[in-house]
Amino acid sequence: MKREQVFEFFRRLAEANPSPTTELESSNPYQLLVAVVLSAQATDASVNIACRPLFARIKTPQQMVDFGEDDLRDAIKTIGLFNTKAKNVIALSQALMDHHGGEVPRTREQLQALPGVGRKTANVVLNTAFGEETFAVDTHVFRVCNRTGLAPGKTVDEVEAKLERIVPQPFRRDAHHWLILHGRYTCKARLPECWRCPVIDLCRYRPKTLPPEERIKSSGARTAIRASSATRTGPSRTASRRPAGRSRSRPSRLP
Ligand code: SF4
């Protein structure tokens, strides 16, 4: 994508959502760090459900250590990988007490040295809690960057490095939120909703997904064509095995 197109891409996402932020609920950097650790391979919604009652009583690393691993495991048992995550959260809380005076550190190196904290988690905390211009690449960001041609790359590190290079001001701070939300709600994994996408003309993905009503019409037309061709040519193996109306074709898309 050319530089002007990248600018326009983010300008439109920004216009549609001027104040994007994480959907994880927290009231301080420590709770945000815990929520991000818990969100690995889980939805933000499931983490929020488990964390609301937890965060009402646990606001500091010391309180978490006092709460203990058994009670924490029980509090987060609805979240995937809760055994490992409970262990990590207690260990990282203890490390914050031992080495950082109970505060969340502000450097990537110190964050990534904490148990259960990888590059993506560090990027989210640095960005959302401390306002740094970091680019956390999750599954949504990775897909959107590759599909659209915005910042293609074979690995999350490659995509992150490209975003780092190409995202212009004034969009750098919120870029990763826009990309996550765009991937989660519009440019979805199985069927991107191109017909209502604000960057449709800038995106290189082909073919674009049609609006639902046109997909229904076009799949009806294809079924009718197949039925009439089967009538003309007589029964075939395909026609006899797959009744009309049970098409295996993929959803229709714009050319
Ligand atoms: S046009 Fe479609 S594929 Fe491209 S960004 Fe929009 S939703 Fe995603």
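Looking only at region 161-178, which residues are without any contact (Cβ under 8 Å) to a residue 40 or more places away in the chain and either among the acidic types (Asp, Glu) or within 16 Å of the ligand (Cβ to nearest atom) (or both)?
LEU163, GLU164
Among (1) farther than 17 Å from PHE9 by Cα; (2) within 15 Å of the ligand (Cβ to nearest atom); (3) within 21 Å of the chain's Cα centre (by Cα), where does PRO212 come up short?
Every listed condition holds for PRO212 apart from (3).
Go over the candidates ILE90, ILE166 one by one and state the one that is more than 20 Å from GLN5 (Cβ to Cβ) and surrounded by 15 or more Cβ atoms within 10 Å (Cβ to Cβ).
ILE90
When region 138-168 is examined, which residues are found to be at pLDDT 95 or above, farther than 14 Å from PHE9 by Cβ and assigned to a loop (DSSP other than H, G, I, E, B)?
GLY153, LYS154, THR155
For region 1-53, give me each residue that is outside any helix (DSSP H, G or I) and more than 19 Å from the chain's Cα centre (by Cα).
MET1, LYS2, SER27, ASN28
Within region 22-43, is even one residue touching a residue at least 12 places away in the same chain (Cβ under 8 Å), touching a Lys or Arg at 6+ places or on another chain (Cβ under 6 Å) and within 22 Å of ARG184 (Cβ to Cβ)?
yes
For region 100-152, which positions are within 28 Å of VAL6 (Cβ to Cβ) and among the small types (Gly, Ala, Ser)?
GLY118, ALA122, ALA129, GLY131, ALA136, GLY149, ALA151
Look through region 60-110, keep the residues that are among the β-branched types (Val, Ile, Thr) and in a loop (DSSP other than H, G, I, E, B), and return whichever of them is nearest to ASP44 (Cα to Cα).
Checking each candidate, the answer is ILE79.
Would you check if HIS182 is in contact with a helix residue (DSSP H, G or I) (Cβ under 7 Å, 6 or more places away or on another chain) and within 13 Å of the ligand (Cβ to nearest atom)?
yes
The values are calculated or read from the model by the stated rules, or taken from the named source; none is laboratory data. Everything numeric here is computed off the predicted structure, so don't read it as measured data. Cβ coordinates were reconstructed from backbone atoms using ideal geometry, including for glycine residues, and neighbour counts include every protein chain displayed.
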